[in-house]
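The values are calculated or read from the model by the stated rules, or taken from the named source; none is laboratory data. As the structure is a prediction and not an experimental result, all values here were calculated from the model. Glycine gets a Cβ as well: all are built from the backbone with ideal geometry, and neighbour counts include every protein chain shown.
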Amino acid sequence: MTHPPAAPLLSVDDLVVTFRSRGLFTRRPPVHALRGVSLHVGRGQTVGVVGQSGSGKSTLARTVVGLERPDSGTVSLSGEVVAGTAESLAGLRRHVQMVFQDSLTSLNPRRSVLATLAEPLIVHRTVPRSGIRDRVAELLQAVDLPAGYMARRPAQLSGGQRQRVNIARALASEPELIIADEPTSSLDVSVRAQILELLQQLQRDRGLSYLFISHDLHVVRHMSDVVVVMKSGAVVEVADKATLYATPHHEYTKELLAASPTTRLALARSAARGRSRFADQPG
């Protein structure tokens, strides 16, 4: 007896998003941010989405987690279509979390690391209140930060440390899927490699799935199983990373491959050195 294949963890089907001008005295043409975008992310898989600024990558990420409403198309999690209701979106955000590009603006400057990581634990009720401090310590350990950092605020952390806190916050709800939207582009090249290695280690340890978004095809190749190339709101090429890197078909993909050798060299150096814990901590 044959069994039907398991549904992908995440399915995006024919997603269309259009931004329209709302000014009283100005009329601008609509911006077609997503033009029938479809992709699928399997369990334990990393799907990379790559494209230059304006290609629709971040709009795709925001639409998947319900921060943007699509004109048409569907987002499904484990085969269930996510409706636009508050209850449905709350359930989605329990299982799907985001790590944003700017590690500073995505953290409240007035909140300590403890308060930042406690909030999702309280919202999603993953631990009793009496266990929050211990759970925060576990989350910090998972991203290679000492428990003593609980009292620190964002301004007291380096860029790499802030991004580790953002990753820990994403882990707090025990998600199945993390959407990483340019998670290393604002970091120094050496720190960038450390964060990518951390994400890969967390995937191995926890069986996470990633939708990994970047403008750099070399970073996407380092992280991903399948690569989706976007341009002007549309998908122009999809392939497994070995095939796409060896024999790209679309001219736009070839341009992206030629664009960024710097990160590729840093990743190679980092792999040769091995992982360095707390390497981006200030003195």
**Asked** Quick one: S78 ticks every box in (1) of a type outside the set (F, W, Y); (2) under 27 Å from R204 (Cβ atoms); (3) touching a helix residue (DSSP H, G or I) at 6+ places or on another chain (Cβ under 6 Å); (4) loosely packed, with under 15 Cβ neighbours inside 10 Å bar one, so which box is it?
**Response** (3)
**Prompt:** Which condition number does R28 fail, the rest of (1) over 16 Å from D13 (Cβ atoms); (2) within 21 Å of the chain's Cα centre (by Cα); (3) basic (K, R); (4) surrounded by fewer than 16 Cβ atoms within 10 Å (Cβ to Cβ) being met?
**Reply:** (2)
**Request:** Select from the stretch 194-240 the residues that are among the hydroxyl-bearing types (S, T, Y), closer than 19 Å to T59 by Cα and in contact with a helix residue (DSSP H, G or I) (Cβ under 7 Å, 6 or more places away or on another chain) and list them in ascending order.
**Result:** Y210, S214
**Asked** (1) in contact with a Phe, Trp or Tyr (Cβ under 9 Å, 6 or more places away or on another chain); (2) under 14 Å from S106 (Cβ atoms); (3) surrounded by fewer than 19 Cβ atoms within 10 Å (Cβ to Cβ): which one isn't true of S186, the others all being true?
**Response** (1)
**Request:** Hey, can you tell me all the residues within the stretch 238-261 that are outside any loop (DSSP other than H, G, I, E, B) and more than 17 Å from L211 (Cβ to Cβ)?
**Result:** A242, T243, Y245, A246, E251, Y252, T253, K254, E255, L256, L257, P261
**Request:** Looking at (1) at pLDDT 95 or above; (2) crowded, with 18+ Cβ neighbours inside 10 Å; (3) over 17 Å from M98 (Cβ atoms), find the lone condition where A170 falls short.
**Result:** (3)
**Item:** Subset of the stretch 172-189 (residues that are within 19 Å of I213 (Cα to Cα) and in contact with a helix residue (DSSP H, G or I) (Cβ under 6 Å, 6 or more places away or on another chain))
**Value:** P175, E176, I178, I179, D181, T184, L187, V189
**Request:** Restrict the check to the stretch 37-58 and report whether at least one residue is touching a residue at least 60 places away in the same chain (Cβ under 8 Å), among the charged types (D, E, K, R), surrounded by fewer than 19 Cβ atoms within 10 Å (Cβ to Cβ) and in a strand (DSSP E or B).
**Result:** no
**Fill in**
Taking the stretch 59-72 and keeping only residues that are not charged (D, E, K, R) and not in a loop (DSSP other than H, G, I, E, B), one is left with T59, L60, A61, T63, V64, S72
**Fill in**
Here the qualifying pairs (Cβ atoms under 7 Å; residues six or more apart or on different chains; first in the stretch 117-138 and of a type in the set (A, V, I, L, M, F, W, C); second in a loop (DSSP other than H, G, I, E, B)) come out as L117/A172; L121/V127; L121/A172
